[in-house]
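The values are calculated or read from the model by the stated rules, or taken from the named source; none is laboratory data. Note that the structure is predicted; figures quoted are calculated from it, not measured. FYI the Cβ positions are ideal-geometry reconstructions off the backbone, even for glycines, and counts take in every protein chain you see. What goes into the accessible areas is simple: the full protein's heavy atoms, side chains included, and nothing from ligands, DNA or RNA. Shrake-Rupley method; radii C 1.70, N 1.55, O 1.52, S 1.80 Å.
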There are 4 protein chains.
Amino acid sequence: MQPNSFDVIRIPTSGPGDVSGLMALIDSGALEPSSILAVLGKTEGNGGVNDFTREYAVAALCNALAPHVELAPREVKARIAFVMSGGTEGALSPHITVFARSPRPEGAGEGSSEKRLSVGIAQTRDFLPEEIGRDAQIDETIRAVGAAMRDARIDDVSDVHFVQIKCPLLTSERVKEARARGKTPVTTSGYASMGYSRGASAIGVAKALGEIGADVGGSQVLKDWGLYSSVASCSAGIELVHNVVILVGNSRFSSSPFRIGHAVMQDAIDLPALMQALESVGLSALDARSQSRLVNIFAKAEASPDGAIRGLRHTMLDDSDINATRHARAAVGGLIGGVAGTGAVYVSGGAEHQGPAGGGPVAVIARV
Amino acid sequence: MQPNSFDVIRIPTSGPGDVSGLMALIDSGALEPSSILAVLGKTEGNGGVNDFTREYAVAALCNALAPHVELAPREVKARIAFVMSGGTEGALSPHITVFARSPRPEGAGEGSSEKRLSVGIAQTRDFLPEEIGRDAQIDETIRAVGAAMRDARIDDVSDVHFVQIKCPLLTSERVKEARARGKTPVTTSGYASMGYSRGASAIGVAKALGEIGADVGGSQVLKDWGLYSSVASCSAGIELVHNVVILVGNSRFSSSPFRIGHAVMQDAIDLPALMQALESVGLSALDARSQSRLVNIFAKAEASPDGAIRGLRHTMLDDSDINATRHARAAVGGLIGGVAGTGAVYVSGGAEHQGPAGGGPVAVIARV
Amino acid sequence: MQPNSFDVIRIPTSGPGDVSGLMALIDSGALEPSSILAVLGKTEGNGGVNDFTREYAVAALCNALAPHVELAPREVKARIAFVMSGGTEGALSPHITVFARSPRPEGAGEGSSEKRLSVGIAQTRDFLPEEIGRDAQIDETIRAVGAAMRDARIDDVSDVHFVQIKCPLLTSERVKEARARGKTPVTTSGYASMGYSRGASAIGVAKALGEIGADVGGSQVLKDWGLYSSVASCSAGIELVHNVVILVGNSRFSSSPFRIGHAVMQDAIDLPALMQALESVGLSALDARSQSRLVNIFAKAEASPDGAIRGLRHTMLDDSDINATRHARAAVGGLIGGVAGTGAVYVSGGAEHQGPAGGGPVAVIARV
Amino acid sequence: MQPNSFDVIRIPTSGPGDVSGLMALIDSGALEPSSILAVLGKTEGNGGVNDFTREYAVAALCNALAPHVELAPREVKARIAFVMSGGTEGALSPHITVFARSPRPEGAGEGSSEKRLSVGIAQTRDFLPEEIGRDAQIDETIRAVGAAMRDARIDDVSDVHFVQIKCPLLTSERVKEARARGKTPVTTSGYASMGYSRGASAIGVAKALGEIGADVGGSQVLKDWGLYSSVASCSAGIELVHNVVILVGNSRFSSSPFRIGHAVMQDAIDLPALMQALESVGLSALDARSQSRLVNIFAKAEASPDGAIRGLRHTMLDDSDINATRHARAAVGGLIGGVAGTGAVYVSGGAEHQGPAGGGPVAVIARV
């Protein structure tokens, strides 16, 4: 089988509606629009319920790409997976990471015998408000992860290093609609629904990859913190009502110049895990050559639900002015920014069932 | 001359009014109340104008210590230097650091030939609202730093590694009072006044230590970012109308088991500077022995005023929901927490003229 | 039986620790310290979990009053009911209302035949974390309301116009403590626990006054919004672990120069209900004489849980930057401030089971 | 001269990107797209620097209207004046008000002899960052207001009742750009720049309408609070770099079924002024017929810069968690919502030189 070639490009943005960097790459011929598989971005909203920078960014990208892929703006989303994660607190810098796939031309030289970075995408059906955070969302996510693995041509679950999911949340409107039909959503709080949606999606990833048993179900979401995926990264948003999956791993059917690896941070200040993730792709901190080979780091951050980090109290959960997700992104973003030497890293908040309680997965993509 | 002995104790707190940890040390005999020289704390308020956790913590400490030092509560502040810095965003953990000084008994063995940690304190007179951020505040700070050096028995400015200042801010009330007298404060914004007050205080430290020329004055405060102190750490608060100085360095007249060193972070993600500060007192990151010898790290954090870190845009200054000081503390707290292995470190926001623009001094106290 | 005389005094404050206005009244002889029954205040914190202005205000009042009532500071709370409600958003102005009771001297003239303002107080036992928001809190509240009615010498529930309750909340610490004992609190979110605590307390008031059936219990708290009290006003805070009750009504055993009345706002913009409450004590809006006779207005505010006011969407519940309680206090405070001609009115957030969903009780005290 | 006919339609929105209500009116034939002159909306962002809901809403409207007016999306803004004001705190409800103008067909009956509502629009050139808040912005605004009066066919300045201006703000990026050219913007704070831009624009309106002398200039912006316009309403946003003017008054060349009137609130709780504005177009509060004839109320809100309302302290300016503009909109929105019986009213924050300090203009449009 002919290997695929992948490109991974990180592009800074000057605002949620800024598509100029991407358009410049297309206009210069450096990026073939039809090869774009997925766009994973950090926008500068609050990352909460009323963060409209995510849907604005997706709308701007769809409008800009539509003529290049010969689709109407509303059809672009069905072809390219867009995942925007809100919140660039502290040192974090708004940017998008573009994943592109193209068939490698015959006779273009030997592929590496080593497995190389490969990406697959998939989408679930739309969810009803009452399905969010429950079995329906878990089960559909399992199916979508399987489809994304096949799309990425990865057979072995141990080659999957990062499964990014964008999932829906509940608004007052959606809750009201469900109730009008006699249904009870898992929560009536918009902010709380983001956690349920991320949690159920992560449980879905963990089941799909065999990280937890097939008997785990919706009743354990946000209950049993011992259940988690080591590679899931879930981000909830107001701009969609289904799950979008971007799965990244290493495949022998890829001839890309990149590799991905991961580790699991046990808490928000787990510097050794971060070092281990870097080393898994041959990098180290504080090293100029490492920094030039680094493409991006992808991490989940959360406030430890027991209110403490290594036995010392944190105040993230008791702060009625700033949501805990914003605190956690800022803290983990500062740590990763220090190691990466740049704030343009992907740190996403709300790590329910994504890594252990208070911690989260961290994946690194590097040029080989 | 008989050397002094110093103790430095870090105590976690369960809330801004919590004095139980300090009281337990006193009750157990581990800490002699009359030896307490200064208390430097992180409280969990917003660190802004309306952060009353600072004055509440000081009031609680004064009430609790008063009977032990045989003073009325309101007199305790004249004897012990209290500096509370608000804001424990992200991984940061509320705590106080107590500095205690006692004469070393004659014949208690040889002092080290090496210089050891020594602490001195001083206070300025009260400031009028219109003096804040201007020459009067600078000049009084210079005098107080000199007094604190003498109190710490440090002759050489290169032995001064950390000068903590608590300084006042302007409220609507104070602005109104000044205007009623026909005076114009440097700003009418309470939040902005915190920057002016910290900036003028830092310029005062820098002049006192010969870091900048004697010709620098109030007109350059918050204007010329090239002027800064490498050891000043200033924190503004609603709870006082004068400056309090806690100066920490190494002195040959100290027989304490601690040393202090410092470095200067060039930006919010300057991990190498942080490593250098640790190494200056014989520590390294990721090392259990280092962590057991570490007493505390003291750092200033701020959003780079040019809106970028290493050329990439940050969003701290354009965020109308969360003040930039909170963002910066969270980010730098995450990085230092990762290196220290604990969130109970002292990271204070607003580093105007404290280190270069966007960066800040970082000091480390370690057990020898 | 000898009638009691009551005084009700509204005192502006310059900060949460400001007791100077109250002390001036005592020093001038205008207020006899031993007559102080209750202090009901608005402080300028965020009104959320980490609002320490409430406990700071109570601590300052206890310290200041202690020598005047010949008690240790910590014993003052057992004698005087202190209720601080955080949050003075928008036009609201921080202040305290002092309720004082003194026996009317024999032969001091005929009392009015009309019922006059009377106040009673009571306290429940401390609650375990897992009791908050559940039957235990309801049942203890019923008992305390009965005790407060007797203390106010009011027999008829229709003479009760305002029942202010201060109730506890859950912090991460308290949740952890309960779990360590194998107990499950009603929620793990500190902010959410405030709603449960207020809701259960209000249900307790409604049962005590016969407003709802004796069969209503903990399972209906925050579930059945049709159940509510028309006079309850509950405020949660981090500074206590039991319920404090201040009950205000009209009694024939009072000779005070004040009367109280109330109405129920159906939603946050219910101006007619506000007018009706004013009229019940002989006042009207826009009238100088009314404004001079007005002592204070006491109201509850909340965001309508269905996300709409009179069919039009509000955004309070979907705002991840500002909690809905802050939004609602600001809005209702603006409306009441406009009618009262002053921002020094008592508007408290979180009206779960206090008035209909999205509305709340409003009481008015006027000089006869 | 043939009179114009005007339509004014208020449309609720379900989010900043929601154009469905407007599209439904067009699709049903109730609104002729080519007649749309201006769209004035409230979106649900924070109303601050990083409120992207304004630009998102304008982008969505331009995209939706483009095919109907046979222009490219980017050209629509040159033809229709879009002004989005961020912030629907408290009871406020997101909505847009569409102003449409069409020539009245010959022989369509006599116009009223009474002056009727008329609308005109204009735009200034783009501003350089250093021009904002200064003479250049004032002078260009004067010219644009004159053009808008002519467009509205209003000769007499006393017939102008509402001049809405959308004006730019400074971001870190824009400040940096100016400095690179050696220019110094009036402030480096994005949030503060909003005040300067609104203030200079309002001074421009006041000069254009002869409300203040021709000698007033940029140096008095945000300094002399005695200078103000009684009809200006200015709103700053990140989404434009010039001023857009929508001017509304009554004209004898209009045959519309609406009239507009206004009054000036002296402070945030000035209920009598609000009643006076209603009465100027024949309405009263608390009256069902008034409410059915009311089209919309347009008001400016701000925190009194002296920190007090009628001598009592407010806390809006000292709150480091919530910007004063959000507080003020919530409070004034609650008051106007109470009088209007609906939260879908236009209350905009930041009333620098728009009405007296702490107050603001309030205009009412009613069906005759």
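The figures follow:
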| read-out | value |
| --- | --- |
| Index of the failed condition, A:Pro94 passing every other in (1) farther than 20 Å from A:Asn296 by Cα; (2) in contact (Cβ under 8 Å) with a residue 40 or more places away in the chain; (3) touching a Gly at 6+ places or on another chain (Cβ under 8 Å) | (1) |
| Filtered residue count, the range C:267-279, keeping only those that are away from chain D (no Cβ under 12 Å) and open to solvent by 50 Å² or more (accessible area, probe 1.4 Å) | 1 |
| Index of the failed condition, B:Ile203 passing every other in (1) in contact (Cβ under 8 Å) with a residue 12 or more places away in the chain; (2) of a type outside the set (Gly, Ala, Ser); (3) not in a helix (DSSP H, G or I) | (3) |
| Filter result for D:Glu114 (more than 23 Å from D:Ala344 (Cβ to Cβ), open to solvent by 40 Å² or more (accessible area, probe 1.4 Å), at pLDDT below 95 and more than 14 Å from chain B (Cβ to nearest Cβ)) | yes |
| Subset of the range A:292-312 that is within 10 Å of another protein chain (Cβ to nearest Cβ) and within 21 Å of B:Leu286 (Cα to Cα) - its residue that is surrounded by the most Cβ atoms within 10 Å (Cβ to Cβ) | A:Ala301 |
| Count of the range C:341-368 residues which are of a type in the set (A, V, I, L, M, F, W, C) and open to solvent by 10 Å² or more (accessible area, probe 1.4 Å) | 2 |
| Residue in the range A:313-336 that is in a strand (DSSP E or B) and open to solvent by 10 Å² or more (accessible area, probe 1.4 Å) present | yes |
| Check on B:Ile246, open to solvent by less than 10 Å² (accessible area, probe 1.4 Å) and in contact with a His (Cβ under 6 Å, 6 or more places away or on another chain) | no |
| Scan of the range C:59-100 for residues that are more than 22 Å from C:Val241 (Cβ to Cβ), within 14 Å of another protein chain (Cβ to nearest Cβ) and touching a Pro at 6+ places or on another chain (Cβ under 8 Å), ordered by number | C:Thr88, C:Ser93, C:Pro94, C:His95 |
| Given (1) in a helix (DSSP H, G or I); (2) aliphatic (A, V, I, L, M); (3) open to solvent by less than 10 Å² (accessible area, probe 1.4 Å), index of the condition C:Val83 fails | (1) |
| Selection from the range D:176-191 of residues that are within 29 Å of D:Ala324 (Cα to Cα), in a loop (DSSP other than H, G, I, E, B) and among the small types (Gly, Ala, Ser) | D:Ser189 |
| The range C:140-162 - residue that is in contact with a helix residue (DSSP H, G or I) (Cβ under 7 Å, 6 or more places away or on another chain) and in a helix (DSSP H, G or I) and, of those, most open to solvent (accessible area, probe 1.4 Å) | C:Ile142 |
| Every residue from the range C:51-80 that is within 16 Å of the chain's Cα centre (by Cα) and open to solvent by 20 Å² or more (accessible area, probe 1.4 Å) | C:Glu55 |
| Residue pairs meeting the criteria (Cβ under 9 Å; at least 6 apart or on separate chains; first among the hydroxyl-bearing types (Ser, Thr, Tyr), in the range C:129-158; second part of a loop (DSSP other than H, G, I, E, B)) | C:Ser158/C:Leu209 |
| Contacts under 8 angstrom Cβ, first residue in the range C:24-52 being on the phi > 0 side of the Ramachandran plot and within 14 Å of chain A (Cβ to nearest Cβ), partner modelled with pLDDT under 95 and surrounded by fewer than 23 Cβ atoms within 10 Å (Cβ to Cβ), 6 or more apart | C:Gly47/A:Ser320 |
| Residue ID - nearest to C:Ala60 (Cα to Cα), chosen from residues in the range C:1-41 that are open to solvent by 20 Å² or more (accessible area, probe 1.4 Å) and part of a strand (DSSP E or B) | C:Pro12 |
| Any chance C:Ala303 is assigned to a loop (DSSP other than H, G, I, E, B), in contact with a His (Cβ under 9 Å, 6 or more places away or on another chain), among the hydrophobic types (A, V, I, L, M, F, W, C) and over 17 Å from D:Gly90 (Cβ atoms) | no |
| Hits in the range C:313-349 (condition: under 16 Å from the mean Cα position of the chain (by Cα), of a type outside the set (A, V, I, L, M, F, W, C), more than 10 Å from chain A (Cβ to nearest Cβ) and under 30 Å from A:Ala180 (Cβ atoms)) | C:Arg329, C:Gly349 |
| Residues of the range A:204-213 classified as open to solvent by less than 10 Å² (accessible area, probe 1.4 Å) and over 11 Å from A:Ile165 (Cβ atoms), total | 1 |
| Residue within the range D:173-185 that is more than 27 Å from D:Pro257 (Cα to Cα), more than 14 Å from every other protein chain (Cβ to nearest Cβ) and open to solvent by less than 20 Å² (accessible area, probe 1.4 Å) present | no |
| Whichever residue in the range C:214-243 is in contact (Cβ under 8 Å) with a residue 40 or more places away in the chain and polar (S, T, N, Q) and, among such residues, is surrounded by the fewest Cβ atoms within 10 Å (Cβ to Cβ) | C:Ser230 |
